[in-house]
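Structure first, then comments.
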């Protein structure tokens with residue numbers, strides 16, 4: 001029926017090419033589900049857009065009906081802002097086409113595409129966009145929050161590769177934003193989140209990468225973690241930007257290259273990705289292995305698309321997740337000691353602390369060049385609490401918050417908004433540093449009534 005939930009969809013149905021769902025639809029619960037099981041919301045309407053005109057129609061319907069608006073790409077964001085109770089979820093996941101123009105190395109990507117879909121399309125031509133490390137992540141949320149991954153040392157943040165974006169404003173106007181056209185909007189989209197409109201297409205520059213990279217894991221016992229991390233910290237910044245290695249502190253999953261006696265024990269993992277010469281990558285990885293006595297290593301040439309999916313089994317949908325984040329210009333002895341103390345107390349087998357290395361091209365871009373402005377950050381920490389039962393909520397959240405507080409004195413300015421939870425709205429101004437006032441002005445121009453507020457919200461000026 002068109003009028004369940006008290007919302008009459010008959011007019012919207014007449015102009016909507018995609019699928020409209022309400023709570024009586026057989027697939028309603030499946031479609032409304034987000035990656036983070038803690039975000040369990042029930043929209044009055046799910047508008048599964050098939051094209052740009054559907055986005056316009058859904059926005060007009062929401063305005064006319066006074067419905068609160070949530071925008072969903074792939075639904076991966078930790079804060080759960082891709083859905084809303086009793087409002088409208090504008091679901092873009094069916095708009096997932098990726099088109100690669102090899103004559104200009106330009107990639108046109110619809111907002112529902114995942115990183116896996118983008119990687120598959122670009123790597124078919126030996127190209128890549130610097131994106132995140134989990135193939136089920138959506139390109140839209142990743143990009144609008146800044147975006148970083150294995151290639152960021154070499155090519156910068158995801159927003160640094162963005163060359164243009166087609167935007168449906170809250171009034172239904174379609175505008176194209178580049179550094180030349182609507183430059184204030186383009187600047188704000190490069191890290192300012194979903195505050196300014198609904199993106200119907202991203203245009204990226206792609207770079208020659210792969211199709212093979214040298215990648216893999218080096219696993220050390222936890223008792224060696226402090227020594228290994230100090231050596232890593234002092235050495236890794238001396239390497240070329242083609243080389244990247246992240247630190248992960250967690251319980252060892254049952255990886256096939258680890259002896260069963262290691263499974264479930266606390267470990268320090270160095271995750272390696274070298275996008276340059278394979279032989280050079282092997283030499284650099286060997287240096288890392290020499291920082292301790294690994295309990296296992298799995299390293300070698302592999303397709304970049306495979307490495308981009310390597311962590312997917314640890315990041316499946318449906319678990320309960322709570323994250324906290326800091327930026328760091330360096331990993332001091334004192335900070336490492338604190339982080340390791342808390343990692344010693346991991347509250348569950350899926351919880352972890354990671355430090356992503358982004359030092360390189362990301363630091364060469366001026367702070368004011370994009371909305372994402374933490375250009376002095378060399379490492380990004382994610383306190384990743386993850387568990388299955390609601391009975392564990394308090395214990396896991398308390399641990400994450402305590403680690404976050406304890407490491408705060410050593411953090412640098414700004415924050416990565418994609419790792420911020422729903423409760424952290426008061427931290428948004430700090431996250432954007434000196435760019436916040438300009439972001440408020442752009443918000444005032446494009447969304448003066450703050451209709452798009454289910455995000456890390458920037459209020460109009």
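Worth pointing out:
- Modelled label reach - residue 422, point 7 Å along Cα→Cβ, segment 371-389 residues with backbone N closer than 20 Å: 383-389
- Where labels lie 7 Å past Cα in the beta-carbon direction, separation of residue 263 and residue 278 in nm: 3.1
- 0 to 90° range, to nearest 10: angle between helix 52-65 axis and the chain longest Cα axis: 70
- The slack in the chain from residue 227 to residue 94, taken as 0.36 nm per residue of separation less the alpha-carbon distance, amounts to 43.1 nm.
- For the chain, the longest principal axis of the C-alpha atoms and the axis of helix 333-343 are separated by about 70°.
- Separation of the residue 234 and residue 444 label points, Cα + 7 Å toward Cβ, nm: 5.2
- Segment 1-111 - percent relative contact order, Cα under 8 Å, separation 6 or more: 25
- Contour excess over end-to-end distance, with Cα ends at residue 33 and residue 50 and 0.36 nm allotted per residue: 4.2 nm
- Relative exposure of 380, 295, judged by other C-beta atoms within 10 Å (fewest first): 295, 380
- Sequence-separation-based contact order of segment 212-422, relative, with Cα cut under 8 Å and 6+ spacing, percent: 26
- Summarising the overall dimensions of segment 10-91 from its C-alpha atoms, the Rg and Dmax are 11.8, 35 angstrom.
- Bins of 10 Å, starting at 0 and running to the largest distance - Cα pair percent for segment 272-365: 10, 31, 43, 16, 0
- Between residue 405 and residue 103, the FRET efficiency estimated from the beta carbon spacing at R0 = 45 angstrom works out to 0.30.
- Across the chain, the volume of the C-alpha convex hull divided among the residues equals 135 Å³ per residue.
- Distance distribution P(r), segment 213-276, all Cα-Cα pairs, bin width 5 angstrom from 0: 4, 17, 26, 23, 16, 11, 4, 0 percent.
- Inter-label distance, nm, simple model (7 Å from Cα along the C-beta direction), residue 173/residue 392: 5.0
- Additional length obtainable on full extension of the chain from residue 13 to residue 333, 0.36 nm per residue less Cα span: 109.2 nm
- Residue ranges 97-104, 437-444 sort as 437-444, 97-104 when ordered by packing (mean number of other C-beta atoms within 10 Å per residue, highest first).
- Helix 278-289 axis versus longest C-alpha principal axis of the chain: approximately 70°, rounded to the nearest ten.
- Relative contact order for the chain: 16 percent, from Cα pairs under 8 Å spaced at least 6 residues apart, divided by residue count.
We did not get these values from a lab; they are worked out from the coordinates using the rules stated. These numbers were taken from a predicted model, which means no experiment stands behind them. Note: ideal-geometry Cβ built from the backbone for every residue, glycine included; neighbour counts use all protein chains shown.
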